[in-house]
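Notes for the one structure printed next.
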Amino acid sequence: MRGSILTTLSLGLALAVPAGAQENRASDAGPTACVNETAHQFDFWAGTWNVESRRRDASGAWQETRNQWRAEEVLGGCAFVDYADGDFGTGRLRGMGTRYYEPGADRWYITWMSTEQPGAFETWEGGFDEDGASAEFFTEVQTPNGPIRSRIRWWDIREDSAEWEHAISRDDGQTWIPTWRMSLRRAR
C-alpha cells in the first residue's frame, strides 16, 4: 500500500483547526454524507485523553510514559484530526493523524505522520465490529527485506476509555509483533 512502514505508530506536525470546526455536523459534509451509524463510530474519540503508553525502543525493550493526546471532530463528523506532542519512550515526538469515513466505501481510514519519520505518511483501512467496541485497520508496505503488514487495533472502546495497539507482521498476518500499546482515559 502507501508510505514506508512505521514500526511504531508515530504522530507529528500540529495543524490548527479553525474555531467552530465541530459545529454544524450536517452542513459541513453535506446532508447525507455522514448520517449512517457507521459514520459515527469514532465519535467517542473527540476530546483530550490521558495516555499510558508502552512503546518498544530500537533494542526491543518496552518504554513506559504518560502523556496526553487530543482529537477534534471535523467535516461534519466524517473525520477526526488528532495530535500528540510528548515523549512516548523514544524522545520527543510530535505527530498528527486523521480518522476519516468514506461513505461510498462504508470504510474508515487512519493516516499518520510525525517528526520521527519526516515525509513518511501511512494510511490504514478497516472498520469496527458489529457492536462498535473494537476495530482493526491494516496497511502493507514494501521494504528492502520484503513486505511488512501493519495493524492498528482498538478494543474495549467506551465513552471515557479505550485500548489501542500498533503491531507489525513479516509473515502476511500469521503472527503480529506489538510495537506500541496505549491505554487511554478521557481527561475532559
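Structure above, values below:
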read-out: Those strands (runs of 3 or more DSSP E) lying entirely in segment 35-154 with at least 3 residues among the small types (Gly, Ala, Ser) and closer than 27 Å to Gly173 by Cβ; value: none
read-out: Pairs where the first residue, in segment 86-97, is of a type in the set (D, E, K, R) and the second is modelled with pLDDT under 75, C-beta under 8 Å, 6+ apart; value: Arg94/Leu11; Arg94/Gly12; Arg94/Leu13; Arg94/Ala14
read-out: Residues of segment 159-188 satisfying the condition of being among the acidic types (Asp, Glu) and surrounded by 14 or more Cβ atoms within 10 Å (Cβ to Cβ); value: Glu163, Glu165
read-out: Index of the failed condition, Gln63 passing every other in (1) at pLDDT 50 or above; (2) within 24 Å of Phe128 (Cα to Cα); value: (2)
read-out: Condition check for Tyr109: of a type in the set (Ser, Thr, Tyr), within 14 Å of Phe42 (Cβ to Cβ) and in contact with a helix residue (DSSP H, G or I) (Cβ under 8 Å, 6 or more places away or on another chain); value: no
read-out: Matching entry among Val74, Val141 (being touching a strand residue (DSSP E or B) at 6+ places or on another chain (Cβ under 9 Å), modelled with pLDDT under 90 and surrounded by 14 or more Cβ atoms within 10 Å (Cβ to Cβ)); value: Val141
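Let's see how each residue does on (1) basic (Lys, Arg); (2) touching a Phe, Trp or Tyr at 6+ places or on another chain (Cβ under 7 Å); (3) more than 20 Å from Arg181 (Cα to Cα):
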site	(1), (2), (3)
Gln63	no, no, no
Ala84	no, yes, no
Ala105	no, no, yes
Phe128	no, no, no
Phe138	no, yes, no
Thr143	no, no, yes
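The values are calculated or read from the model by the stated rules, or taken from the named source; none is laboratory data. All values reported here derive from a predicted model rather than from experimental measurement. Note that each Cβ is placed from the backbone with ideal geometry, even for glycine, and that neighbours are counted across all protein chains shown.
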